[in-house]
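Visitor: Quick one: the structure is below, and I'll ask about it shortly.
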Amino acid sequence: MKKRVIGFGVAIFISILLGGCSNKANNAESSSVKSSKTLISKTKVSANEAIKVYQKTYPDTSVTSLELEKSLRGPVYKVEGIDDQKEYQVNINAKNKKILQNSQEELDEDDQNESDRKADTLDLSNLISVKKAARIAEKKVKGGKSTEFSLDKDLGTTYWDVTVKKGSQEKNIKINANNGKVLQVEND
């Protein structure tokens, strides 16, 4: 009888423990979805505006990548670029266009010789917005929330790489940044 009571008590304890872990996982997932929603809703500066801030800071350079990410200060654009001698980075507050950090670094000799500036430069003409890229990606996944955004170039095409979380799944959607056409969907 004593063994049954102890066994029953252990079973209840394990059930409570597993239930608590399950709630924490659900809360973390729910929090992640809320934070992704917050990333877009808190972003007041467009990608084009962030690029203009970068270009004003480092004129005569080429933009090679852009990311929108969340930080403790809120949403931040990280814009990177190059010229023939250096690589540059500017972090911009996506709520008010203020520069949070900027840096430059000399390219080593190999990078100076290999760097084909034109091939690395993003095509910024007719750039679709982050919000439009999020809508396209979420529609392609049929729900979920966009959580990460980066603007890159591959094989001559400038594209948004949007990470969409739906439940426990993550998908990366590559979208032509100039016409909004979905190029690729990958499971993470």
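Taken together, the values in this text are just the output of simple stated rules run on the coordinates, not laboratory data. Remember, predicted model here, so these are calculated numbers, not experimental data. Glycine gets a Cβ as well: all are built from the backbone with ideal geometry, and neighbour counts include every protein chain shown.
Visitor: Using each residue's phi in segment 87-100, evaluate 6.51 cos²θ - 1.76 cosθ + 1.60 at θ = phi - 60° and report the 3J(HN,Hα) Karplus result to the nearest Hz, with x for Gly and Pro.
Guide: Ordered by residue, 3J(HN,Hα) equals 10, 10, 9, 10, 9, 10, 4, 7, 9, 9, 6, 6, 6, 8 Hz.
Visitor: Out of segment 108-188, which trypsin sites (Lys or Arg not before Pro) are coil in DSSP terms and have no more than 13 other C-beta atoms within 10 Å?
Guide: Here the sparse-neighbourhood loop sites are Lys142, Lys181.
Visitor: In segment 40-181, how does Rg compare with the Kirkwood Rh, expressed as the Rg/Rh ratio over alpha carbon atoms?
Guide: 0.98
Visitor: Can you compute the modelled spin-label distance between Ser41 and Arg73, with each label point 7 Å from Cα toward Cβ, in nm?
Guide: For Ser41 paired with Arg73, the spin-label model returns 2.3 nm.
Visitor: How large is the Kirkwood hydrodynamic radius of segment 111-188, in angstrom, based on all distinct alpha carbon pairs?
Guide: It is 13.0 Å.
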